[in-house]
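Please read the structure below before turning to the comments.
The values are calculated or read from the model by the stated rules, or taken from the named source; none is laboratory data. Since this is a predicted model, take the numbers as computed values, not measurements. Please note: Cβ atoms are built from the backbone with ideal geometry, for glycine as well, and neighbour counts cover all protein chains shown.
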């Protein structure tokens, strides 16, 4: 029985595809194209590829064939530009295939970029950082604005959403495009994207690099990003990845890093005998003080005394204080 490749129509990949407005030309039925005739676009949304996963995909293609053709568009010079299916193309190249099944579509540069971004956002292995960058890039294309202008618009919408401006921003066509994208994406609201995702773009480059490669969870990377020294942060970052450390262990390393960055914390600048003498003086002062006539200050004194006792007493005794 002849194997028939499973195809997923470009128009029905997900709700996101309806953003194209259904004006894509009908794809030419799948045909085999020489790999040497396929070129990658100058702007490719996916920046990092896990070689182990590419190897696994290549093995799958070797065993059962390519179930879903890549998507290309024909160029004026006779070659074909990749529109969707970067991982599949890389896997086929790893297998040193001479031809690859492809669906040929007709679309302009803008539509081709939209398709690439949408396909990238529909990946199952997409991490939070990649997802954030992908959504922002898609908004740039849909709104035909620069990235900083898109971010500014999101902040203006946020102000309007909180009732802090009288402008009818949320009813504008641009705002509707943004809301429509997030409604169809379905994983996060535009409000949450603004407050919890966009701050990622302000992280240090080494942290963003690790996030883009999916080497470390966001919560762990965010904790490590608080280390200001580049060299020490790099050490902790690498150790966290290599040893697959838990968040609690990472926080321990961060505390140790903070001590290294603040030498004065390692060597006390006070002398124990002098501290004991000061406490003796405080004890004498307590006998003659009128602080007990000032309830608020007396309460603070008792509170501080409790904290001192917890520091000085054995754990078993301190818990009863």
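Counting residues that are in the same structural domain as residue 259 (by TED's automatic domain parsing) and either within 18 Å of the chain's Cα centre (by Cα) or farther than 18 Å from residue 132 by Cβ (or both), which helices (runs of 4 or more DSSP H) fully inside region 147-249 reach at least 2?
205-212, 218-224, 230-242
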Practice task
Return a yes/no flag: does region 79-101 have any residue that is closer than 25 Å to residue 131 by Cβ, modelled with pLDDT of 75 or more and surrounded by fewer than 11 Cβ atoms within 10 Å (Cβ to Cβ).
Solution key: no
Exercise for the section: Determine which single condition residue 158 fails, assuming it passes every other condition in (1) closer than 17 Å to residue 32 by Cα; (2) in contact (Cβ under 8 Å) with a residue 12 or more places away in the chain. Expected result: (1)
Practice task
Any chance you could count how many residues in region 59-85 are part of a helix (DSSP H, G or I) and closer than 15 Å to residue 101 by Cβ?
Solution key: 4
Practice task
Might you check whether a residue that is surrounded by 18 or more Cβ atoms within 10 Å (Cβ to Cβ), more than 30 Å from residue 253 (Cα to Cα) and modelled with pLDDT under 90 occurs anywhere in region 168-191?
Solution key: yes
Handout entry: Every pair of residues 6+ apart whose Cβ atoms lie under 7 Å, when the first sits in region 274-295 and is part of a helix (DSSP H, G or I) while the second is surrounded by 10 or more Cβ atoms within 10 Å (Cβ to Cβ)
Key = 291/297; 291/298; 291/301; 292/298
Handout entry: Filter pass, residue 127 being under 28 Å from residue 241 (Cα atoms) and modelled with pLDDT under 90
Key = yes
Exercise for the section: Scan region 48-58 for residues that are part of a helix (DSSP H, G or I) and exposed (fewer than 15 other Cβ atoms within 10 Å of the Cβ) and jot them down. Expected result: 51, 52, 53, 55, 56
Practice task
Test each condition in (1) over 15 Å from residue 42 (Cα atoms); (2) not in a helix (DSSP H, G or I) for residue 89 and report the one that comes out false.
Solution key: (2)
Problem - region 124-138, subset assigned to a loop (DSSP other than H, G, I, E, B) and touching a residue at least 60 places away in the same chain (Cβ under 8 Å), residue farthest from residue 54 (Cα to Cα) - result: 127
